[in-house]
Amino acid sequence: MAEEFPAENEPALLHENRRLFLKQSVTLAGLALAPTPFFGPAALNVEEIPGGDAENVKLSISVNGVKKSLSIDPRVTLLDLLRERLALTGTKKGCDFGQCGACTVHVDGQRVLSCLSLAVMQQDKKVVTIEGLGKLDQLHPLQEAFIKHDGFQCGYCTPGQLMSAACCIREGKAGSEAEIQEYMSGNLCRCGAYPNIVNAILEVKNSGQKV
Amino acid sequence: MINPKNIHASEPDASLDRVDGPVKVTGTAKYSAEYQFGQLTYAVLVTSSIAKGKIKSINASKAEKAPGVLTIIHHLNSPGIPGYPVVKQPAERAPLGTAFRVFYDELIYFNGQPVAMVVAETFEQAVHAASLVQVVYEVEEHQTDFEANISKAEMAPSVRRSKNSPFQDYDRGTTDAWKNAEVKISATYTIPTQHHQPLEPHAIIAVWEAADKLTVYDKNQGVKSAQGNLAQTFKLPRENVKVISKFIGGAFGSGIRVWPHTVAAVLAAKKLNRPVKLVLGRELMFTSVGYRPYTVQKIEMGATKAGMLIAITHEGIGQTSQYEEHLERTILASRAMYACPNVSTRYRLLSLDVNTPTWMRGPGDATGMFALESAVDEMAFALNMDPLEMRLKNHADSDPERNLPWSAKSLKACYLLGAEKFGWKNRALAPRSMKSNGWLVGYGMASSLYGFHRHPSKAKAIMLADGSVVVQSATMDIGPGTGTAMSRIAAKVLGVNPRKVRFEMGDSSLPDAPGQNGSSTIPSVGSAVHVVCESLRNKLVTLAEGMPGTSPSYANILKYHNLSQLEATEESKSGPERDQYSMYSFGCHFVEVHVKPLTGEVHVKKVVTCADVGKIINEKTARSQSIGGVVGGIGMALMEASVMDHRYGRYITSDLASYHIPVHADIPQIEVHYIDKPDMLVNPIGSKGLGEIAIVGVAAAVANAVFHATGKRVRELPITLEKLI
């Protein structure tokens, strides 16, 4: 549940995480280029590494408060881990390029695009998905507000909007309509529910409820 | 006889929250790619990298050896689609009017055409193996550049063959009468190719339950038409094909047809005898599911000095593929919109080496009304007249095209209400004369219209023992809130709380209904739901006769008669009224933009939209639909353009970072108003369609506001900043 995480996050943390992400990415890219057979025998031929029968990698991860020990293909993104391996289909695949926000989840309390995150990089991380934000019989205040303000039509971008909205408030970036519009602009909605989404977020922020 | 009104409590007046709200906000609503199957396999398409030519060879041996690969299908080894004709040797180009056939022969018709499909145990394995498939082409010269080929446009062959086609050349009054008018304008308007890009990519899971029994979980806008299409394609009895589409993550027209990728997934599932999941990558969403076609329109218009329209000529040229025609209403609005004695329209198609376009929200009219409503604004400027006054002066009190009365029309009321709510009276007449904080301020407006569509629809209503109601129809919800509106209609007729109604749809085994398109769902299926609930109510009233007490509940009626449930099925369709009245939805939009003089940056600051669609069924969801249309129109006006590199005939805008759609920061609060007056001549619920008029005209209103702000008339969408500096 959302309570596991601090209500406010320092903006600096965001940058740190980004640096960490970059460092990890570089490390991974380095591994792929290294001549040593890190991915197992079939990976001896460097050319074959990106797509050979990559050896599964062990991953320990917490998803919605449940610890999971997994062995997975290192190419699997966090998004595909959730959707295709763990049957948590509430997190949506919209573009797979980090351009639409539909796949937004919380990793250690930060909003993260799960399509741009490799699952194996989430070792010991705490992931919260829409399934962990609230339940049908116990909706999160933002989920209630989205229903009240009709902040969606087709519903496909909705989980990502909600996960992003929770962090937007926690980050202290939901102070006004204009601020919400700016800090939610990474979450696209083709049905055009934007004004209703903004109204829902503003109402929850102003109510002072814990998100 | 019991008065049915006494049977139960009456419905609440307040708008209903979306009935599927809870499942959508909790992520528990299941979209097409989200059904769970053991033995599920993953398919990835390999697509052509040339726009025209032939496949010389396909080398899949490396891919076949990649781990997890189960099969690779292409035209050389395809098990064949039973509904396709036998391949000719040598292969011949399909004649115009042939739907694209997947893995059929070696011919390439467009860049991005599926040429092979890899199926593997996991998505990652399939993606990798697809990258190993080597295709060698024999390249032929292609033509994808609309402007360079525009002289080749011609009347569509199907129109030439059909004298009654609405796309025949049309002349009312005197041709070219505009030339002799006191005031005249002539202008050309261009709309680039634009893509639907729903947030959910098109997806399918194909499952063969038996050798002759198919179930697909597919993203589409019509389960019944998809069922019919797949039955025909795979030569199966219709009842052996089941199409499930419970939740659709937006479509806007992209799901009206059954596209080649769907057929490919079904073919692979058949070959493997395992469920196959295919989700189109975002880049394939640009070449696989249609688009709003590139269109060039020329409008010539003449008026008296007093502002009375004398003549309009409207010519439109739309893009299509080399294998199919795609006709849109582009020029039709000019015949019906204004009381104008002399109107001529011409409509032509230009075939290029591209995939076939399809209907996109407000098909044809969103395109045509951009031109017509921009031109009216240009004429008002030429006359030094308020553009709203110009429209009021030329209001068509009856349909000038069909010479019939309107079934209902409150467009004047829309204009006046919108103008008042917007503050139109504060608009200075001269362009570039209003400013705020260093930004240029512009007010623009435009009208909207869309024809009324009502198709035969069936619905079934079941009263359960506990007094709750299940209503079923094979209609769809791509987003507007079909289930919510239908629950409301059923609840009103039966006099129950809408929360006691469950509406079931998106399943081809339910009673016949049209797909969700052309703003036809509420007019068609809403009528069927109304009629079937009346029928069920009448049955219940009959059963209540002779029962003790004056006002038994539905549950008691069933209990008294020892019934576990009671059901009714009805069909509803149009009658002779279609020939007696002209039926349209109408509306108008008022837009305020701010433009930065130095950079040409355009911000939409305020929008007021008014609609006249007869009775509003559920205002809360209707408002969202209207807002969504305006947002789509702002995208169309200011940012959306699919740009092709004509050297390769390939889109260079092939993701959401380069194909720009509106984001939160682009959209202000949007005010929505309805006239909400039932039009009882169109159907028993008095309600017309809303989805299309919500977007039709918006692009013109934005362009007109930009002109008012800057004095620059941009006739080529989108209005990006380089066009303003």
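Any read-out appearing in this document is the output of simple, stated calculations on the displayed coordinates, not a laboratory observation. Quantities reported herein were computed from a predicted structural model and do not represent experimental measurements. Cβ placement follows ideal geometry from the backbone for every residue including glycine, while neighbour counts extend to all protein chains displayed.
Key figures for this structure:
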| read-out | value |
| --- | --- |
| Nearest-0.05 FRET efficiency for A:Arg85 and A:Lys135, computed from C-beta distance (R0 25 Å) | 0.70 |
| Which of B:Val531, B:Val591 has the fewest Cβ neighbours within 10 Å, and the rest in rising order | B:Val531, B:Val591 |
| Simple Cβ-charge dipole of the protein assembly as shown, Lys/Arg +1 and Asp/Glu -1, about Cα centre, in debye nearest 20 | 760 |
| Summed side-chain charge close to B:Ala268 - residues other than B:Ala268 whose Cβ falls under 13 Å, Lys, Arg +1, Asp, Glu -1 | +4 |
| Solution diffusion estimate, µm²/s, Stokes-Einstein, chain B, Kirkwood Rh from C-alpha pairs, 37 °C, viscosity 0.692 mPa s | 121 |
| Cβ neighbours within 10 Å from other chains - mean over B:473-486 | 2 |
| Approximate shape of segment B:639-725 as ellipsoid semi-axes (Cα gyration tensor, √5λ), whole Å, largest first | 34, 20, 13 |
| Total formal charge among the other residues, if their Cβ is under 12 angstrom from that of B:Ser553, Lys/Arg +1 and Asp/Glu -1 | +1 |
| Alpha-carbon centroid distance for the pair segment B:483-529 / segment B:623-646, whole angstrom | 29 |
| Share of Cα-Cα pairs in the protein assembly as shown lying beyond 55 Å, as whole percent | 13 |
| Separation in nanometres of the label points that stand 7 Å from Cα toward Cβ, at B:Ala339 and B:Val86 | 6.5 |
| Sum of side-chain charges, B:Leu392 neighbourhood, beta-carbon under 11 Å (Lys, Arg +1; Asp, Glu -1) | +1 |
| Other protein chain Cβ atoms within 10 Å, averaged over every residue that makes up A:192-203 | 6 |
| Fewest-first ranking of B:Ile191, B:Ile58, using other Cβ atoms within 10 Å as the exposure measure | B:Ile58, B:Ile191 |
| Dipole moment magnitude, nearest 20 debye, segment A:141-207 about Cα centre, only Lys, Arg, Asp, Glu C-beta charged | 120 |
| Reachable lysines from B:Lys62, criterion Cα separation under 25 angstrom, eight or more residues apart if same chain | B:Lys54, B:Lys270, B:Lys271, B:Lys277 |
| Residue mean of other protein chain beta carbons inside 10 Å, B:715-721 | 0 |
| Overall Cα dimensions of segment B:380-449, principal axis frame, Å, largest first | 50, 27, 16 |
| Projected label distance in nm at A:Ala178 and B:Lys412, using a 7 Å step from Cα toward the beta-carbon | 4.2 |
| Relative contact order (%) - criterion: Cα under 8 Å, at least six apart; region: chain B | 17 |
| Considering only chain B, percent of DSSP beta bridges that pair antiparallel, nearest 5 | 75 |
| Cα→Cβ-extended label distance, 7 Å offset, between B:Ser433 and B:Arg578, nm | 4.9 |
| Cross-link table B:Lys246/B:Lys605; A:Lys126/A:Lys210; B:Lys298/B:Lys412; A:Lys148/B:Lys688; A:Lys93/B:Lys573; B:Lys24/B:Lys500, entries beyond 31 Å C-alpha to C-alpha | B:Lys246/B:Lys605; A:Lys93/B:Lys573 |
| Cα-centre dipole for chain B with unit charges at Cβ (Lys and Arg positive, Asp and Glu negative), debye to 20 | 400 |
